[in-house]
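I have placed the structure first, in the form of structure tokens, so that the comments after it can refer back to it.
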Amino acid sequence: MAPRWTQQGLKILFIFTVYLSQGITKSLQTYSEEQFLSELSDDRSPLGRPTVRSRPAPYLPASFGFQPNMHYQQQQHQHPRQHPQQPEATENEIYDSDESNLLRTPLDRGPHFDLSASKNITALVGKTAYLNCRVKSLGNKTVSWVRHRDIHLLTVGRFTYTSDQRFQAVHNPQTDDWSLQIRYPQKRDTGVYECQISTTPPVGHSMFLSVVEPITTIVGAPEMFINTGSTVNLTCIVRNSPEPPSTIMWTHNNQEINYDSPRGGVSVITEKGETTTSYLLIQRAKPTDTGKYVCSPSNADPYTVNVHILNGEHPAAMQHAGQLRLGDPVNVFLLWLISVLLGRR
């Protein structure tokens, strides 16, 4: 049996050990809390790292059961910590300090249309037409053409998806243009065509193609009667042409008119525009000037007029092709007088 003082000593040693361990644990806990609060309150960490500006906490309405800690806020208001004031960093400085933004690029819009180069087109019958579609930042997407009239897919990329071989896609990589080529267009090709980009969902831009056929007319046709010695004025008008004809040729009895011929007095004046007008002037008309005159624009069908030069004859009226053609005002008066006399019988 151990001596009595030994048992008491062990008991006292055990109690002291327990008490000492509790005190050490408490001191460690107290130190940890103080260190935690100190690190949270400091703007810079002990390692000297740059300041990290935290974003404000997201707003949570009371309906989600979030209640702010009013007691903590009051303590912070009553005992604010004193820190040296530092200039506020601007949004750009905070943004630029992020290493992930050093290689940032401008906002990428993705594939989109350049509408300044994609417009409605007016084309001539039989003359190749181009509907232009300029697409920027296409990437790995494709461009397609669709005809609205029958929702018909015409082309995808450079491939044609229609049996009508008049349609073909033409790509110009230097200008990012994807054009729809239509050879030998006809009036039936008039309508809406859409250029589409194969995004999800697809985006498209519609254009209207108008195929027109220029109309040529001659004022006073098909028959004209001119007195000998008068000036012949043949007026040829070209309408519905998207661009003026490059040339207008006049012929007399299937021969091109020579404006420098020994006859003299023959000239032509042409005014080009949306409506092109050509005037053929023949001074001091002679019987040899009688015949068929044809106005032939370079981009339209020709038109014919038959000119009759009256050699001293002044009939009241002349019948041609079932239509009544009048002469000068004297003949009109004589015709009226004859009709009055016949009406009294």
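What follows draws every value from the coordinates through simple rules; no lab data is involved. Note that the coordinates shown come from a computational prediction; the quantities given were computed from them, not determined experimentally. In this analysis, Cβ positions are derived from the backbone assuming ideal geometry, glycine residues included, and neighbour counts consider all displayed protein chains.
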Quick one: which residues, 5+ away or cross-chain, put their amide H under 5 Å from the amide H of N227? H built at 1.01 Å from N.
L310
Could you give the radius of gyration (one decimal) and Dmax (whole number) of the Cα atoms in segment 202-271, in Å?
18.9, 71
Modelled FRET efficiency - R0 56 Å, R284 with V170, Cβ distances, 0.05 increments:
0.50
Compute the convex hull volume of the Cα atoms of segment 147-267, divide it by the residue count, and report the result per residue in Å³ as a whole number.
187 Å³
Write down the Kirkwood hydrodynamic radius of segment 112-193, to one decimal in angstroms, obtained as one divided by the mean of 1/r over all alpha carbon pairs.
13.2 Å
Pair N306, V219: separation of 7 Å Cα→Cβ label points (nm)
2.3 nm
How much length is gained if the chain between R158 and N253 is pulled fully straight, taking 0.36 nm per residue apart and subtracting their Cα-Cα distance, in nm to one decimal?
29.2 nm
